[in-house]
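Contents: one structure, followed by commentary.
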Amino acid sequence: MKTEVNIGKLTLKNPVLTASGTFGYGTEYTDFMNLSDIGGIIVKGTTLHPREGNPYPRMAETPSGMLNAVGLQNKGVDYFIEHIYPNIRHFDTQILVNVSGSTVEDYVATSEKLNELEDIPGIELNISCPNVKQGGMAFGTSCAGAESVVSAVRKVYRKTLIVKLSPNVTDIAEIARAAEAAGADSVSLINTLLGMAINAETRKPLLSTITGGLSGACVKPIALRMVWQVSKAVRIPVIGLGGIMNATDAIEFLLAGATAVQIGTANFIDPAISAKVAAGITEYMRRHNIDDINELIGGLQA
């Protein structure tokens, strides 16, 4: 059976990736699974300069999901290049880096540095971060904002460019089309939904930031709908994520039009879930006599 899929110039041995921020740098999971069993890992959000992240508490459990407001805590791209990259470049799977920034210049500078790493074949731009120069608006909530950062990065980054879209918009398909027009090789969706939780006894929010990003099984129907809409709106590959907890969930995203999927919150419940999802997809193909996984992509009969 053929399980390979292509994202731009990037070939994945199977369509299962791990979502940024839920899998560390991959080294944290080597005791639980063989990383070569999945198509790739997307390491945690990396910025030009070190970030401390938001004050605690910054995670809260919710029904069928979780809220987080970690705030992109990381030691910066130079630390990643010097200390992390040498320890992960040998993994027998594709390694991608999630890139975040506060300004277009930040995104460009970080992407330029990562462009020089031989064993990093692509990056995922997180365009849901605050744009300091425009009063705190996120790049990903407008076509103009998305196009500005994607086109600027495209000029300096030669490898596979994936753009991660925010669901906190009126029409995610038009944002996807803007990213495609600006040079994206692929779009990934959805990022977390904006939510909040309150402790009724103390009358205080559960997160220090009051609001945070909602993920987990509860967001799957929304994510599935958005992936279906975007796959019909663009010609580039779509990577689906949001509430994927098992192989059946992943297959549903493929049927809705996703070329690949990312496993996120489920990693916190079962650290070997990504490998299990990959195996489950293969078993599904065997049961349904499917020789090529590309037969599944966009196969929804509606």
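List the pairs whose first member sits in the stretch 85-101 and is in contact (Cβ under 8 Å) with a residue 12 or more places away in the chain and among the aromatic types (Phe, Trp, Tyr), whose second member is in a strand (DSSP E or B) and surrounded by 20 or more Cβ atoms within 10 Å (Cβ to Cβ), and whose Cβ atoms are under 8 Å apart, counting only residues at least 6 apart or on separate chains?
91/41
With over 21 Å from residue 229 (Cα atoms) and touching a Phe, Trp or Tyr at 6+ places or on another chain (Cβ under 7 Å) as the only criterion, which of 156, 99 stands out?
Checking each option against the conditions leaves just 99.
Determine which single condition residue 80 fails, assuming it passes every other condition in (1) buried (at least 21 other Cβ atoms within 10 Å of the Cβ); (2) in contact with a strand residue (DSSP E or B) (Cβ under 8 Å, 6 or more places away or on another chain); (3) in a loop (DSSP other than H, G, I, E, B).
Of the numbered conditions (1) buried (at least 21 other Cβ atoms within 10 Å of the Cβ); (2) in contact with a strand residue (DSSP E or B) (Cβ under 8 Å, 6 or more places away or on another chain); (3) in a loop (DSSP other than H, G, I, E, B), the odd one out for residue 80 is (3).
Out of 8, 71, 53, I need the residue that is modelled with pLDDT under 95, closer than 19 Å to residue 119 by Cα and in contact with a Gly (Cβ under 8 Å, 6 or more places away or on another chain). Which one?
After ruling out the rest, the residue left standing is 8.
Just one of 150, 108, 70, 99 is surrounded by fewer than 21 Cβ atoms within 10 Å (Cβ to Cβ), aliphatic (A, V, I, L, M) and under 18 Å from the mean Cα position of the chain (by Cα); which is it?
The match here is 70.
If you check 176, 182, 138, which single one turns out to be farther than 19 Å from residue 46 by Cα, of a type outside the set (S, T, N, Q) and in contact with a Ser or Thr (Cβ under 6 Å, 6 or more places away or on another chain)?
Only one candidate qualifies: 182.
Pairs under 7 Å by beta carbon, first residue closer than 17 Å to residue 298 by Cα in the stretch 209-227, partner hydrophobic (A, V, I, L, M, F, W, C) and assigned to a helix (DSSP H, G or I), six or more apart or different chains?
224/253; 226/172; 227/253
Against the conditions (1) surrounded by 22 or more Cβ atoms within 10 Å (Cβ to Cβ); (2) touching an Asp or Glu at 6+ places or on another chain (Cβ under 8 Å), where does residue 143 fall short? Just the number, please.
(1)
Just to check your reading of the model, which residue among 259, 211, 248 is buried (at least 21 other Cβ atoms within 10 Å of the Cβ), of a type in the set (S, T, N, Q) and on the phi < 0 side of the Ramachandran plot?
Going through 259, 211, 248 in turn, just one is buried (at least 21 other Cβ atoms within 10 Å of the Cβ), of a type in the set (S, T, N, Q) and on the phi < 0 side of the Ramachandran plot: 259.
The values are calculated or read from the model by the stated rules, or taken from the named source; none is laboratory data. Keep in mind that this is a model prediction, so the values were computed, not measured. Note: ideal-geometry Cβ built from the backbone for every residue, glycine included; neighbour counts use all protein chains shown.
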